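Bear in mind that the values in this text are calculations on the coordinates, not laboratory data. A quick note: this is a predicted structure, and the numbers were derived from the prediction, not measured. So basically every Cβ, Gly included, is an ideal-geometry build from the backbone, and we count neighbours across all protein chains shown.
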Amino acid sequence: MDTLPLVVRPGTHPLDPLSPAEISLASAAVRAKHDLGPGMRFVTIVLREPADPANAGDRRAFVAAYDIVSGDLFEAIVSLTNGVVESWVPRPGARPRIAPEEFLLAEQIAKQDPRFFFDRKPTLDVPPARSTHSCCT
C-alpha cells in the first residue's frame with residue numbers, strides 16, 4: 001500500500017479540527033488511490049472522531065468526493081497517521097450539498113432571468129402585531 005508523508009501535528013488534541021496540512025494529506029491520499037480526473041471535487045474533508053477512546057491518537061479524516069462528470073458521490077476514510085485511504089464507498093443516488101460557487105451562480109442566473117422580476121404591488125401593509133399577554137391588552 002502506498003503511503004504519503006505523515007503530517008499530523010505533534011501535541012494535537014484528538015478532537016482538534018483538521019489542520020490545513022492534514023486536509024492536504026487527506027485529499028492527496030484520495031487522489032493517489034482514486035483519482036476521478038478533472039471532474040473530481042472534494043465536498044467535505046473533516047475530522048472523523050475516534051469511535052474508541054483507546055485509538056484517539058490515530059487521527060482520521062472523513063472525505064466526501066463528487067465527480068461532476070458522472071454525478072457520482074463517494075465517501076472515504078483516510079488515516080492521517082498512516083497516510084492511506086482505509087475505505088472508499090460509492091453512494092449511489094446521493095448528491096452533495098451545493099457548493100458556494102454553485103449557489104452564487106444560481107443567484108446570478110435567477111437575477112438575469114426576466115421572469116424572476118415580475119410586476120407586483122409591494123406588500124408593505126403589514127398589520128401591527130397584537131399581544132395576547134394580559135399585561136399588554
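Set the Förster distance to 25 Å, then compute FRET efficiency between ILE68 and LEU15 from the Cβ-Cβ distance, nearest 0.05.
So, using R0 = 25 Å, E works out to roughly 0.20.
Between PHE42 and ASN82, take the C-beta separation as r, use R0 = 22 Å, and let me know the FRET efficiency to the nearest 0.05.
0.65
Summing +1 for each Lys or Arg and -1 for each Asp or Glu, what net charge is found among the other residues whose Cβ lies under 14 Å from the Cβ of VAL46?
Working: positive: ARG48, ARG59, ARG60, ARG97; negative: ASP16, GLU22, GLU49, GLU75.
Local net charge: 0.
Excluding ALA64 itself, what net charge comes from residues whose Cβ is under 12 Å from its Cβ, given Lys and Arg +1 and Asp and Glu -1?
Net charge in that neighbourhood comes out at +2.
Take SER70, SER24 and order them by how many other Cβ atoms sit within 10 Å, fewest up front.
Working: SER70 10, SER24 14.
Starting with the residue having the fewest Cβ neighbours, the order is SER70, SER24.
Any idea what Rg and Dmax come out to for region 20-112 if you just take the C-alpha atoms, in Å?
15.2, 56
Where nothing but the Cβ of Lys and Arg (+1) and of Asp and Glu (-1) is charged, how large is the charge dipole of region 20-112 around its Cα centre, in debye to the nearest 20?
With Lys and Arg at +1 and Asp and Glu at -1, about 100 debye.
Can you sort LEU104, LEU25, LEU47 by how many other beta carbons sit within 10 Å, fewest first?
The fewest-first ordering by Cβ neighbours comes to LEU104, LEU47, LEU25.
Once the other residues with Cβ under 11 Å from the Cβ of LEU73 are scored (Lys, Arg +1; Asp, Glu -1), what is the net sum?
Local charge sum for LEU73: +1.
How about region 25-113: which trypsin sites (Lys or Arg not before Pro) there are in a DSSP loop, with at most 13 other Cβ atoms within 10 Å of their Cβ?
Details: sites: ARG31, LYS33, ARG41, ARG48, ARG59, ARG60, ARG97, LYS111; in loops: ARG59, ARG97.
Sites meeting the loop and neighbour criteria: ARG97.
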